[in-house]
Amino acid sequence: MSTILVIDDNDSYRAMLTMFLTEKEFMVIQADNGKSGWKLLHNQKPNLVILDIVMPDQEGIETLIQLRKEYPRLPVIAISGGGKIGPDNYLKLAKAFGADETFEKPVSNTVLLSAIRTLLEP
Amino acid sequence: MSELLRVLLVEDSDEDAELFQRVLQREGFELEITRAVNAKEFSAFIDQKKYDIVVSDFQLIDTNGFKILEIFNTRHLDIPFITVSGRVGEENAVRLMRKGARDYVMKDQLSRLAPVIRRELEEYRARRENEYFERKLKESEAKFSQVFRFSPDPVVITDDKLIIREINYSYLAMFGLMIDEVVGRKIDTLAMWEKHENFIHYLLKMHLGAHSPSTECNMTDAEGKERTIHWSLKSIQVNDEELLLWNGRDLTELKQLEGKLQQTERIHAIGTLAGGIAHDFNNILAVIYGYAEMGLSNSEGKPRFHRYFSEIIRSSDRAKELIKQILTFSRMEEGKRDIIDPAPIVKEALKMIRATIPSTVELKAHIESGHHILANISHIHQIILNLCTNAAYAMKKKPGTLRISLDSIENFCRLQVQDTGVGITPETMKRIFLPYFTTKDVNEGTGLGLSVVHGIVEKYKGSIDVASKPGEGTCFTILLPLSHGDDENNITDEEPNNTLSNIRTDQKILIVDDEPSIVNYLQELLSSSGISVDSETKSIEALKRFLSVPPQTYATVITDQSMPTMTGTELAYRLRKYDPAISFIFITGNEESIPESVIRDLGQGIILSKPVSSGDLLQTLRGFMS
């Protein structure tokens, strides 16, 4: 069973995603900020990370840069609800810093699921 | 203190002349005496120069004081004339005085002479002063009467019974009146006041209550235009009579500007707000969307639930679109602007419009090619779509014609969208550009269409004009500056301080970072701002590259600080040896790893902490290059 780490400061979204992914038989671990996400990453070695880019203090991008340095091959999906500088910009940034896939929120679970499956293919 | 006295002395006796001189010198006068011994000399000397006083002997050999005075009077001089004599009768003295002599001094009373002269000089001075003030007063009166007459404000003066005494040109011109038909009438019988009787009485009442009242009044001018005039009422005292000064100030234009400004401000405020909430909104929507999807996939065999969840998803989709539109509106989406011919875009948009508008609407288009503007294609598309959608909506109840034209006028590209629909009432007209204002039914309009158009036009430094008659139709005219393509190739449309349009393009920027993804990102960011960029992932390679090109190829080097083999600052020291003008941007996760002294040493250098925002980076570059 693959483990997915969801890092998002929005509790409801995390809960929804966890429920959905659990239903699809993934093991889900969650963090509501970059720092605790980083710890889980070290301790539990997930197979894939879903990372919200706009969190307080722009931790998303920071986390992504750090993550790419230490785990160059770990699949990362960046998601974002957009904001001041526009959804495109955050996600472009995430792409530039090595996210494998990027999605604007709200993203359909089905779309997300197919991206997860593709990235986890051996 | 001696005073210089210029005297024209008429005296035929040398002895008396000397005596005269002595007496006055003793009294402290410094004298400049011109002496005439007869009438002929007097007439000559009096015209030669300026004198302070004329002193004449009465009894002369060939003439007398009367004759001299007569000559003096023909010159219309204003200086004192004094007669001196041994003997002259009372009668002669009176005659002399009548004819204009200022005084008469007996030779045996010469001690009187000095005081008389002093008094006369004093009076002379006073006379001159009076004349001066009188002249000034006249000038000032003329000036004030001009100010009154030509004041741009309409001004009326009435007495306390409201009878018009004076009225100025502005007033007459504004309301199309002739001066003769106005002066002498009561102010409230003038046509423009007819509707505002209460206003006059309000002002008067306030005035009697010791206030200086002032208030606005909407009046119809000679051309039938509504004007907002701010009237104030004051008492003025003229020749012991109390009059009323009615001073108007035309605020019409000011009000219009104020309205425009308020509208722009509101649009900006709402835009900022919208940008702020869009993020939260999308997050909430993501949750709703996600659960609905799960619900949908779990409702197989339960058609009712299937329908419910489908509805939720459909609504969420709509909400998502709406948020997108709000965001577009709040920042007009960062779009690249190029010099384009809007004609093909307009034609393309018209195809789409033809497909969506009812067949009862006839579409007539006159599209001229070749009027190039600096614009973003999707913005132009949006303008056309929004205007045409509104136009079609205005004609949904009855058949009509939608006319679209594209041409140019002076330095502008002109786009006109005209319908024969219901028109816009004046009341609605005031609000059409406000975000979220709509006359459409719920679910039919977002109230953002015209705001978006307005925003785009404003951004392009163009103008938008609406002409409408209720029941007849509406015509929107948009003017966008024509582009001649000299210096403005591309303008990226981000925040203004993020644009690099003023950066010299003949110099490049070198990026050095051992992280390829960062290099890629920076490269994309800068090249999209129109800067040519080279990059290296190894500091040694960067150094090699630098040495292989002529000096000043690069304006700035952006380098990571912590790199293996050679740090950013080590690299900088070496590069600077070859090009002292180069500037550096050090990107570091730990600011303290670069001492301030190093930056000082390097001259042009700035440290940016990771993660570096694109805005900071561009702004720093701009700072270096401007």
* Looking for whichever is within 12 Å of chain A (Cβ to nearest Cβ), buried (at least 20 other Cβ atoms within 10 Å of the Cβ) and among the hydroxyl-bearing types (Ser, Thr, Tyr) here; the options are B:Ser614, B:Ser609. Which one fits? => B:Ser614
* Structure fact -> Requiring at least 2 residues that are under 60 Å from the mean Cα position of the chain (by Cα), the strands (runs of 3 or more DSSP E) wholly within segment B:1-70 are B:3-10
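Name the single residue, out of those in segment A:100-122 being under 21 Å from B:Ala278 (Cβ atoms) and hydrophobic (A, V, I, L, M, F, W, C), that is surrounded by the fewest Cβ atoms within 10 Å (Cβ to Cβ). Lay out the reasoning, then the answer.
Residues of segment A:100-122 that are under 21 Å from B:Ala278 (Cβ atoms), as a first pass: A:102-108, A:111-112.
Retained after the next criterion (residues that are hydrophobic (A, V, I, L, M, F, W, C)): A:103, A:107, A:111-112.
On the way: A:Phe103: 19, A:Val107: 22, A:Val111: 12, A:Leu112: 20.
For segment A:100-122, the residue satisfying everything is A:Val111.
With the requirement that a residue be modelled with pLDDT of 80 or more and either at the interface with chain A (Cβ under 7 Å from one of its Cβ atoms) or surrounded by fewer than 18 Cβ atoms within 10 Å (Cβ to Cβ) (or both), what does segment B:271-283 give you? It would help to see each step written out before you state the result.
Residues of segment B:271-283 that are modelled with pLDDT of 80 or more, as a first pass: B:281-283.
Once the filter is applied, which keeps residues that are modelled with pLDDT of 80 or more and either at the interface with chain A (Cβ under 7 Å from one of its Cβ atoms) or surrounded by fewer than 18 Cβ atoms within 10 Å (Cβ to Cβ) (or both), segment B:271-283 yields B:Asn282, B:Asn283.
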* In segment A:8-29, residue nearest to the chain's Cα centre (by Cα) [restricted to those that are within 14 Å of another protein chain (Cβ to nearest Cβ) and more than 14 Å from A:Leu113 (Cα to Cα)] -> A:Asp8
* If we scan segment A:38-47, do we find a residue that is more than 12 Å from chain B (Cβ to nearest Cβ), crowded, with 16+ Cβ neighbours inside 10 Å and not in a helix (DSSP H, G or I)? -> yes
* Say whether the condition of being within 28 Å of B:Leu526 (Cβ to Cβ) and more than 13 Å from chain B (Cβ to nearest Cβ) is met by at least one residue in segment A:85-99. => no
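Got a sec? Which of B:Ile46, B:Ile82, B:Ile33 is touching a Lys or Arg at 6+ places or on another chain (Cβ under 9 Å), closer than 18 Å to B:Gln109 by Cβ and of a type in the set (Val, Ile, Thr)?
Values: B:Ile46 fails: closer than 18 Å to B:Gln109 by Cβ; B:Ile33 fails: closer than 18 Å to B:Gln109 by Cβ.
B:Ile82 is the lone residue from the list that is touching a Lys or Arg at 6+ places or on another chain (Cβ under 9 Å), closer than 18 Å to B:Gln109 by Cβ and of a type in the set (Val, Ile, Thr).
Taking A:Leu113, is it facing chain B (nearest Cβ under 8 Å) and either in contact (Cβ under 8 Å) with a residue 12 or more places away in the chain or assigned to a helix (DSSP H, G or I) (or both)?
Working: facing chain B (nearest Cβ under 8 Å): no; either in contact (Cβ under 8 Å) with a residue 12 or more places away in the chain or assigned to a helix (DSSP H, G or I) (or both): yes.
No, not satisfied.
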* Taking B:His268 and the conditions (1) touching a helix residue (DSSP H, G or I) at 6+ places or on another chain (Cβ under 8 Å); (2) farther than 30 Å from A:Tyr13 by Cα; (3) modelled with pLDDT under 85, which numbered condition does it fall short on, given that it satisfies the others? -> (1)
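Among the helices (runs of 4 or more DSSP H) contained in segment B:508-626, which hold 2 or more residues that are over 42 Å from the mean Cα position of the chain (by Cα) and within 26 Å of A:Ala99 (Cα to Cα)? Please lay out each step first, then the result.
Working: elements: B:516-528, B:539-548, B:568-578, B:596-602, B:614-625.
Because the criterion is at least 2 residues that are over 42 Å from the mean Cα position of the chain (by Cα) and within 26 Å of A:Ala99 (Cα to Cα), the helices (runs of 4 or more DSSP H) in segment B:508-626 that meet it are B:516-528.
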* Asked: When both residues are 6+ apart or on different chains and their Cβ atoms are under 6 Å apart, which pairs have a first residue that lies in segment B:183-196 and is within 15 Å of B:Asp159 (Cβ to Cβ), and a second that is in a helix (DSSP H, G or I) and hydrophobic (A, V, I, L, M, F, W, C)?
  -> B:Asp188/B:Ile200
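The values are calculated or read from the model by the stated rules, or taken from the named source; none is laboratory data. Everything numeric in this text was worked out from a predicted model, so none of it was measured. Neighbour counts are summed over all protein chains in view; Cβ atoms, including those assigned to glycine, are modelled from backbone coordinates with ideal geometry.
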